[in-house]
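The values are calculated or read from the model by the stated rules, or taken from the named source; none is laboratory data. From a predicted model like this one, the values you see are computed outputs, not experimental measurements. With ideal geometry, Cβ positions are generated from the backbone for all residues, glycine too; neighbour counts draw on all protein chains shown.
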């Protein structure tokens with residue numbers, strides 16, 4: 001699946017010394033699975049999931065995400081209650097629907113081949129990250145991992161990407177951040193990182209104006225060029 005780029009290919013690019021990935025929707029198709037689980041949740045309440053509701057939720061920490069859904073739809077239940085119910089449905093769907101996004105493992109191989117350190121910075125909880133990574137033996141490939149518990153302020157606050165740059169031992173401007181949402185893109189940009197946004201069908205209409213480039217996928221030639229230092 002490809003998307004129209006809203007940002008031209010930059011003529012001048014910095015030397016990238018580290019790469020930091022978002023998780024949901026960027027490395028794996030979990031945003032698609034989440035949409036299906038939210039549909040089930042709302043159908044039980046006589047409501048329908050929508051792109052607007054999804055936009056309100058994406059990129060945030062779990063309780064913040066469900067509070068956004070409550071605010072968007074005017075629900076009377078609390079975020080913790082909705083989150084608990086949603087997790088049951090989500091993990092049932094995850095068993096059969098979880099897939100890596102196209103180009104993920106090829107990009108990881110390239111990053112390791114050129115010797116760049118890498119990390120993951122996700123708004124999801126650590127036990128969830130470990131669950132997803134465990135299915136693909138990825139924990140050993142990401143010595144730096146930041147989750148919802150790692151920060152006081154979630155995305156779009158830049159805290160998580162500032163911490164990622166510190167742990168990767170690079171200046172934020174030398175760190176390539178790969179994100180799939182407006183919220184995550186804003187976080188990376190606010191941290192001063194070099195942000196490349198990689199939309200999918202649930203985020204293609206987001207505002208990626210703060211990104212340096214909007215890619216067609218993880219295998220986009222510009223992403224490859226950045227990693228190779230060309």
From (1) surrounded by fewer than 17 Cβ atoms within 10 Å (Cβ to Cβ); (2) touching a strand residue (DSSP E or B) at 6+ places or on another chain (Cβ under 9 Å), pick out the condition that doesn't hold for residue 146.
-> (1)
Would you be able to say whether some residue in segment 153-167 is in a helix (DSSP H, G or I), closer than 22 Å to residue 229 by Cα, modelled with pLDDT of 95 or more and in contact with a helix residue (DSSP H, G or I) (Cβ under 6 Å, 6 or more places away or on another chain)?
-> yes
Would you call residue 186 within 20 Å of residue 55 (Cβ to Cβ), surrounded by fewer than 24 Cβ atoms within 10 Å (Cβ to Cβ) and touching a residue at least 12 places away in the same chain (Cβ under 8 Å)?
-> yes
On the given criteria, is residue 216 within 16 Å of residue 25 (Cβ to Cβ), more than 14 Å from the chain's Cα centre (by Cα) and in a loop (DSSP other than H, G, I, E, B)?
-> yes
Which one of 124, 145, 150, 197 is on the phi < 0 side of the Ramachandran plot and modelled with pLDDT under 95?
-> 124
